[in-house]
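Student: One structure, as structure tokens, below. Some questions next.
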Amino acid sequence: MAQRGVLVISVEPGSLAEGAGIKAGDTLLEINGEKVLDQLNYQFLMSQKDETMLRLERPDKSLFEVSAENGGDGIGLDLAQDDVKICKQNCVFCFVHQMPKGYRKSLYLKDEDIRLSFLYGHFSTLSSSDDAELSRIVRERLSPIHVSVHCTDPDVRVKVVGNPREGDILRKIDRLLEGGIDVHTQAVIAPGLNDDWVWEKTLRELWERRAYQSKGKWAGKGGVLSLSCVPVGLTAHRENLPEVQDVGADYAQAWVKRWTKEARHYAAANEGEPWLLLADEWFTRGDVQVPGRDFYSESWAQLENGVGLVRKFLEHTRRFIKSDKAKRFKGRKAMLLTGSSFAPILNRVLAQLNREVGSQLRAVAVRNNDFGESVTVAGLLTGRDLMYAAHADRDTKGPVEAVVVPSASLRTHTGPTDQYTLHGVIVARAEGTFLDDMTLDELTEDLQTPVVPSGANLSQLLDHLEAAERTSGISSRDLQKAFHKTGMNLPQGAYNP
């Protein structure tokens, strides 16, 4: 954030900015005497006064100032994208460290940016947040944010995050809570490392800071809105990395048995609002049925972290199968590719749909060859793995009219989001792209069958199948308008089914 101002990319015709003489190529330096840090900071500073004084720099380095009576609103500027802040931690189970070689640069990005935490729900360890940035979070009301705590015991946290200066995470969290900022938290659980007494201490100390406490030192301030626990994800590429024990079926079953019950107790003590959240992977790894709707918050808190995705899909399916729209699946014959953890659930859903409406849909569990068989989620399937699975299934079970790929496996850009970029990364292929840079077009050409993304539910899937029928193949230029964006444009999503 030490950059000198923010570049103006374009100026809206007829806007206050155009009227003030601001042009594309200018650099916005200050607003009301304060340095402009980035787009989010620009929006905050513009909202402070009805009349705003801006200081800018021309491409020839000459400086000028303009005044705009904007009533606290924007003035029609499109600013340059911001570079993502990079994580300074060295977590023993960091997924980026386990990436195989040869993929595009953006997939090796360890983002640690409170702006992404506020805007998109990315989790930050706060390792890059010094006191000045914590003050900025409070001042600009960037609430809620999402924090990867992993554990609150300082000595153990140093072992987990690999940074001797970042053991006392509660100091930073307390600073935010005192300033009125709400926080969602998570702990990635690695057996023998941060479970047992370490986890119980983490749970206890974050619960003491919960948001809905009506009495006590935290009343009227910010609070911990939730704590999710996620089983550690390990790939086959851990050469020269610390030894970490994986979460197997027995461990997952034991965790579910104990902490599902505890989660309900915490919810009851929290005015009915679920607070302790269990990621779906505990249930899929342990082959245990996911809890009912009442186990999850009304707002589906931490859905992007894999909490409640399966239940939300099942709830929509239950309603959808009874609808008139579901009847339009009649006679359709399609193959639905997905990760091995979600395949059994999806097969049961498709069997019910097939019985009800006369469709011929089948789910296919895709083996993850690129990351290893222990990675069972759809969000980390590559185009190659999807292609191999589709060919193998057709060879044994016969042709289909369409092949469905998980939306979570697709990106429509190569950066971490559509607003923030990794410095030096050039977006060469903006169309729908898998992790290995294969595109929807290329997979369609190889399979000689229409390939469509799944969408977030069966209703969206039907829309995509019907869109494929209306077009002669799926072209990249039609991707955005033909398909629902739900599930696409996500960062590397290890927990999306």
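The values are calculated or read from the model by the stated rules, or taken from the named source; none is laboratory data. These numbers were taken from a predicted model, which means no experiment stands behind them. Positions of Cβ are generated from backbone atoms using ideal geometry, with glycine treated the same way; all protein chains shown enter the neighbour counts.
Student: Which one is surrounded by the most Cβ atoms within 10 Å (Cβ to Cβ) among residues in segment 218-243 that are touching a Leu at 6+ places or on another chain (Cβ under 6 Å) and among the aliphatic types (A, V, I, L, M)?
Tutor: VAL224
Listed here are the residues, each with its yes/no results for (1) of a type in the set (S, T, N, Q); (2) outside the structural domain of ALA456 (by TED's automatic domain parsing); (3) under 24 Å from the mean Cα position of the chain (by Cα); (4) buried (at least 18 other Cβ atoms within 10 Å of the Cβ).
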| site | (1), (2), (3), (4) |
| --- | --- |
| THR260 | yes, yes, yes, no |
| ARG264 | no, yes, no, no |
| GLY272 | no, yes, no, no |
| ARG293 | no, yes, yes, no |
| GLU298 | no, yes, yes, no |
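Student: Mind counting the residues in segment 131-145 that are under 23 Å from ALA211 (Cα atoms) and either modelled with pLDDT of 95 or more or in a helix (DSSP H, G or I) (or both)?
Tutor: First, pick out the residues of segment 131-145 that are under 23 Å from ALA211 (Cα atoms): 131, 133-145.
Among the residues that remain, those that are also either modelled with pLDDT of 95 or more or in a helix (DSSP H, G or I) (or both) are: 131, 133-139.
The qualifying residues number 8.
Student: Hey, can you tell me all the residues within segment 64-90 that are outside any strand (DSSP E or B), at pLDDT 80 or above and of a type in the set (Val, Ile, Thr)?
Tutor: The one that is outside any strand (DSSP E or B), at pLDDT 80 or above and of a type in the set (Val, Ile, Thr): ILE75.
Student: I've got another one for you. Could you count how many residues in segment 238-277 are out of contact with any Gly (no Cβ under 8 Å at 6 or more places or on another chain) and of a type in the set (S, T, N, Q)?
Tutor: The qualifying residues number 3.
Student: Looking only at segment 352-390, which residues are more than 30 Å from VAL232 (Cβ to Cβ), among the polar types (S, T, N, Q) and assigned to a loop (DSSP other than H, G, I, E, B)?
Tutor: Of everything in segment 352-390, just one residue is more than 30 Å from VAL232 (Cβ to Cβ), among the polar types (S, T, N, Q) and assigned to a loop (DSSP other than H, G, I, E, B), namely SER359.
Student: When only residues in segment 67-113 that are out of contact with any strand residue (DSSP E or B) (no Cβ under 8 Å at 6 or more places or on another chain) and under 24 Å from ARG4 (Cα atoms) count, which is surrounded by the most Cβ atoms within 10 Å (Cβ to Cβ)?
Tutor: Restricting to residues being out of contact with any strand residue (DSSP E or B) (no Cβ under 8 Å at 6 or more places or on another chain) and under 24 Å from ARG4 (Cα atoms), the top hit is GLY74.
Student: Out of all the residues in segment 191-212, which are of a type outside the set (D, E, K, R) and assigned to a loop (DSSP other than H, G, I, E, B)?
Tutor: Restricting attention to segment 191-212, the residues satisfying the condition of being of a type outside the set (D, E, K, R) are 191-194, 197-199, 202-203, 206-207, 211-212.
PRO191, GLY192, LEU193, ASN194, ALA211, TYR212, listed by residue number.
Student: Report yes if some residue within segment 202-210 is free of Cβ contacts under 8 Å to residues at least 24 places away in the same chain, out of contact with any strand residue (DSSP E or B) (no Cβ under 8 Å at 6 or more places or on another chain) and over 30 Å from GLU243 (Cα atoms); otherwise report no.
Tutor: Start the filter on segment 202-210 by keeping residues that are free of Cβ contacts under 8 Å to residues at least 24 places away in the same chain, which leaves 204, 208.
Now drop any that are not out of contact with any strand residue (DSSP E or B) (no Cβ under 8 Å at 6 or more places or on another chain), which leaves 204, 208.
Remaining after also requiring over 30 Å from GLU243 (Cα atoms): 208.
Within segment 202-210, one or more residues are free of Cβ contacts under 8 Å to residues at least 24 places away in the same chain, out of contact with any strand residue (DSSP E or B) (no Cβ under 8 Å at 6 or more places or on another chain) and over 30 Å from GLU243 (Cα atoms).
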